[in-house]
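Only one structure is covered here, and it is reproduced in the block below.
The values are calculated or read from the model by the stated rules, or taken from the named source; none is laboratory data. What you see is a predicted model, and the numbers here were worked out from it, not measured in a lab. Note that each Cβ is placed from the backbone with ideal geometry, even for glycine, and that neighbours are counted across all protein chains shown.
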Amino acid sequence: MKTRKLYNRIAVLRRERGMSRKELADIIGVNVQTVGYLEREEYNPSLDLAFRISETFRFPVEFIFSVNPMKPMSESLRERGQNEN
C-alpha cells in the first residue's frame, strides 16, 4: 500500500511562537533533523508524534495535518470562527 503525503503547518506554527527546531524537537521528544523532515513534508509522523505536536501547539491534529494542501492559517481560522457562530 502506498503511503499518502501529509501536508502540515508545523513550520508556520513553530515560527509564529518564536520556537527553534531544536526547542520543538526537545518538547516532542525527537531529533532536530526529524523536525526538519516533517516541516519539509519528507516524513509522515506516527499517530503518537502527530498528537504530541498537536498538544504542543494546542490545535486539533486536523488543523496541523492534512492529506490535501493546506489553506493559509488566517483563512482556516476565519472559517473556524464562522462555523462556531
### Query
Within the set of pairs 6 or more residues apart or between chains, which connect a residue that is within 14 Å of Val12 (Cα to Cα) inside the stretch 27-38 to a residue that is surrounded by 15 or more Cβ atoms within 10 Å (Cβ to Cβ) and at pLDDT 95 or above with Cβ atoms less than 7 Å apart?
Val35/Arg21; Val35/Leu24; Val35/Ala25; Gly36/Arg21; Leu38/Asn8; Leu38/Ile10; Leu38/Pro45
#### Entry: Output for the stretch 39-49, where each listed residue is surrounded by 14 or more Cβ atoms within 10 Å (Cβ to Cβ) and without any contact (Cβ under 8 Å) to a residue 24 or more places away in the chain
Tyr43, Leu49
### Query
Which residue out of Asn8, Asn68, Asn31, Asn83 is among the polar types (S, T, N, Q) and surrounded by 14 or more Cβ atoms within 10 Å (Cβ to Cβ)?
Asn8
### Task
Determine the pairs where a residue that is in contact (Cβ under 8 Å) with a residue 24 or more places away in the chain, located within the stretch 54-69, has a partner that is among the aromatic types (Phe, Trp, Tyr) and in a helix (DSSP H, G or I) with Cβ atoms under 7 Å apart, the partner being 6 or more residues away or on another chain.
Ile64/Phe57
